[in-house]
1. Please go through the stretch 1-56 and pick out each residue that is assigned to a helix (DSSP H, G or I), among the acidic types (Asp, Glu) and modelled with pLDDT of 95 or more.
2. In the stretch 1-56, which residue that is of a type in the set (Lys, Arg) and in contact with a helix residue (DSSP H, G or I) (Cβ under 8 Å, 6 or more places away or on another chain) is farthest from Asp105 (Cα to Cα)?
3. Give the residue that is nearest to Leu51 (Cα to Cα), with candidates limited to residues of the stretch 79-108 that are assigned to a loop (DSSP other than H, G, I, E, B) and over 16 Å from the mean Cα position of the chain (by Cα).
Amino acid sequence: MDKIPILKIKDTLVVLLQDDLTDSIAIHFQEDLLKKIFASKVKGVLIDISLLGIVDSFLGRVISDTAKMIKLLGAELVLVGMSSSVAITLVELGLEIGNVSTSLDIDSGLELLTALVKSNAVKEVDNIQITEEGKNDFI
């Protein structure tokens, strides 16, 4: 595997991380994903890690950093399929994945992602309305 496929389904990017990740592929994945988020303006990313049997410190850091970067680009992330061994490893390594939502499987992950994106859209509309109302007070 030279490259991790990143699929665009409607307004969501979907990624399946597999067990044969090298450090080089992980870095290219991170760069490719961030470029696709920026270019396509998607608001949701689902990363399935159910095929990862083990996570070393480097891959754990890549996942953690990628999660933070996705948030910085204004998209929501749902991480699905985390095994107990991967969860234990991330905690033991002291890696923070921030306010990343997780789900057991892809179906429930997509439902959660849809709800998160809708929730953020409502917040954005509310913020615009508050700003607009504030402008009227000063005119």
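The values are calculated or read from the model by the stated rules, or taken from the named source; none is laboratory data. Values in this document were obtained by computation on a predicted structure and should not be read as measured data. With ideal geometry, Cβ positions are generated from the backbone for all residues, glycine too; neighbour counts draw on all protein chains shown.
1. Glu31, Asp32, listed by residue number.
2. From the stretch 1-56, those of a type in the set (Lys, Arg) are 3, 8, 10, 35-36, 41, 43; that's our starting set.
If we keep only those that are in contact with a helix residue (DSSP H, G or I) (Cβ under 8 Å, 6 or more places away or on another chain) too, we end up with 3, 8, 43.
Working: Lys3: 23, Lys8: 18, Lys43: 20 Å.
Applying the filter and picking the extreme gives Lys3.
3. Ser83
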